[in-house]
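Beneath this line is the structure, given in C-alpha cells, with notes to follow.
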Amino acid sequence: MYRDILKDLIHWKTKANRKPLLLTGVRQCGKTYIVEKFARENFRSFVYVNFESSDQIPGIFEYDFDVDRILKELEFHYNTKIIPGETLVFFDEIQVCPRAITSLKYFCENRKELHLICAGSLLGVAVKRDRVSFPVGKVNRLRLYPMSFKEFVLANEREDLIEVFKDWPTDRAIPDLYATPMKKLLKEYFIVGGMPEAVKTWIRTHDINEVEEIQKEILSDYADDFSKHAPAGDVPKIRWIWDSVPVQLAKENNKFVFSHVKEGKRSVELEDALQWLADSGLISRSELVEKPELPLPGFADKTAFKVYMSDIGLLRMRSGVSAKTILEESEQYKRFKGAFAENYVLNELLTLGKEPYYWRSGNTAEVDFIFEDMEQIIPVEVKAADNTQAKSFRSYCKKYEPKVGFKISQKNIAENVCEKTRMISLPLYLGWNMDHYIEKAGGQL
C-alpha cells in the first residue's frame, strides 16, 4: 500500500548531510512494512536487525561503540555484506537495546556514507524509563502515522479521485460524480481507520466483522504494552486515562479534565500516565493558545489541552459506535459525530506535518485548530454536518485578521471573505489537500 512518507525517505537517501534516520510512530502503524518496501525499491541489499526477536544481537553492542567492529559482526551474523551506498541497514525495535541507541552517535560521526534507519514504537517511553544516552543532534527524524484518508483512498484503488482533486478550484462546486464516492469512502474510513492491517483486511474482504477483530487485537496489544512497558504504579492510571479519552472528547467542552478521569484524582497524580500515552504515540495533545502570536509554542498553555486518539477507527471501536450508526448517520450519533470529525482533522493535520493548537477567548469563543504555516497562523473550524455557521471563527478573524482560514465540513467547496480573511470551505474528504489551498492562497495574497 502506498504511503506518502516514501517521498521523505527518498529525500533522506540522497541528502548530502544525511544522518542515521530515526523513524517513530505508534505500534502497528506500518513502520517495518514501509522500510522494507523502501529498501526493495531503492537498494541492492537489505539487512534487517530486529532487537526484539533475537537475544544475541544486543550482545554485539555491549563491548564498545566501534562501528567497524559492529558492522563486521552483523555481517557475520546475517551472512551478508554491508556495502555503503548499496545496503540499507534497519535496526527495528531499537528501544530494546539502549546501547544501540547510543551507538547512533558513532554511526553518524564515523559512517556517514552508510544508510541506517532505526525504528522504535515505544522509543520515547524507553528513553525516559531507562535514562538512555540519546544521540542529540546525531540523527534525522521522521514520524509515521496511521494511514491518512488520502492513503486510504489510494489503497481502495481510487487514485483517479485523488488526481481529480489535486488542483480543484475553490470557485467550482464539486459534482456528485466525485463527491458521492468520496463521502462513501470517508464513512468507511471512520469505520476502518488507518491501521494498515485493518485497511488491508477491509480491502480484501469488505467484512466489517473481520475488520473489528483486527481492531480488537490491536487494542488488546496496546493494553498489554501498558503492563509490559509502563511503571507498575502507573499502569492503573494509564488505563483510567485511556478509557477516559473517547468520553472526554465527546463532551460539549472537550478540554481534557483530570478530575473526570477518576473521582478524587488530581492532575499531579495522573500527568506521568498521560505523558506515557503521548510518548507511546497512542494519543496526541492540542494545547490552548489564547494569544495567537508567532511562534505558537511560546504562547501555549500546557495546563489546558484536548486529547485525541492516534487512529479514527480505533476511536470508533473504543467509543462503542457501530459501523451501521456511521453509515446511516443516525441523529443519536450527533455528539460523537462531532468528536470523530475533530479527531479526524487533527490526525490529517499531523500527517501534513502541522502542529495544531486551539484558540479560546474566555468562555465565549473557540476555534478548533490553529497552526503555523508560511509565517502565518491559520485557523481551522471543523463541523461534522453542513451547518457552518461559526460565530467563534468570525470573532477570531475580526480580532486577528489572518490572511487565510478554513472551514471543514460536509458542505461543498467554496471561498469567500470573512472579515479580512480569505475563508476556504473544504469538504471533510479534502482535508488531505489543505497545503495546496494554503500555497494557492499565499501566492494570491
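Bear in mind that the values in this text are calculations on the coordinates, not laboratory data. If you're wondering where the values come from, they're calculated on a predicted model, not measured in any experiment. In this analysis, Cβ positions are derived from the backbone assuming ideal geometry, glycine residues included, and neighbour counts consider all displayed protein chains.
Just a few scattered comments:
- Shown for THR32, THR364: other C-beta atoms within 10 Å of each C-beta, ranked fewest to most, produce the order THR364, THR32.
- Distance from the stretch 296-311 to the stretch 168-186 (C-alpha centre basis), Å: 32
- Excluding same-chain neighbours fewer than eight residues apart, the aspartates and glutamates reachable from LYS420 by a Cα-Cα span under 14 Å are GLU401.
- Once backbone amide H atoms are built at 1.01 Å from N, ILE408 has GLU381, VAL382, LYS383, LEU426 as its partners under 5 Å, excluding neighbours fewer than 5 places away on the same chain.
- Charge dipole of the stretch 149-444 about the Cα centre (unit charges at C-beta), most positive-ward option of SER395, THR180, LEU277: SER395
- Listed by chain and number, the lysines whose alpha-carbon sits under 23 Å from that of LYS166, ignoring those within fewer than 8 places in the same chain, are LYS7, LYS150, LYS183, LYS184, LYS187, LYS354, LYS383, LYS403, LYS407, LYS411, LYS440.
- Peptide ranges 205-217, 17-29 listed from the most packed, as the mean C-beta count within 10 angstrom indicates: 17-29, 205-217
- Listed by chain and number, the lysines whose C-alpha is less than 26 Å from the C-alpha of LYS81, apart from same-chain residues fewer than 8 away, are LYS13, LYS15, LYS19, LYS31, LYS37, LYS72, LYS105, LYS112, LYS138.
- The order of MET147, MET423, going from fewest to most other C-beta atoms within 10 Å of their C-beta, is MET423, MET147.
- Loop-located GluC sites (Glu not before Pro) in the stretch 63-112 whose Cβ has at most 14 other Cβ within 10 Å (DSSP): GLU86
- Cβ-derived FRET efficiency at R0 41 Å, THR364 paired with ALA278, nearest 0.05: 0.90
- Taking each residue as 0.36 nm, the span from ASP301 to LYS324 lengthens on full extension beyond its C-alpha to C-alpha distance by 4.4 nm.
- Listing THR201, THR180 from fewest to most neighbouring C-beta atoms within 10 Å gives THR180, THR201.
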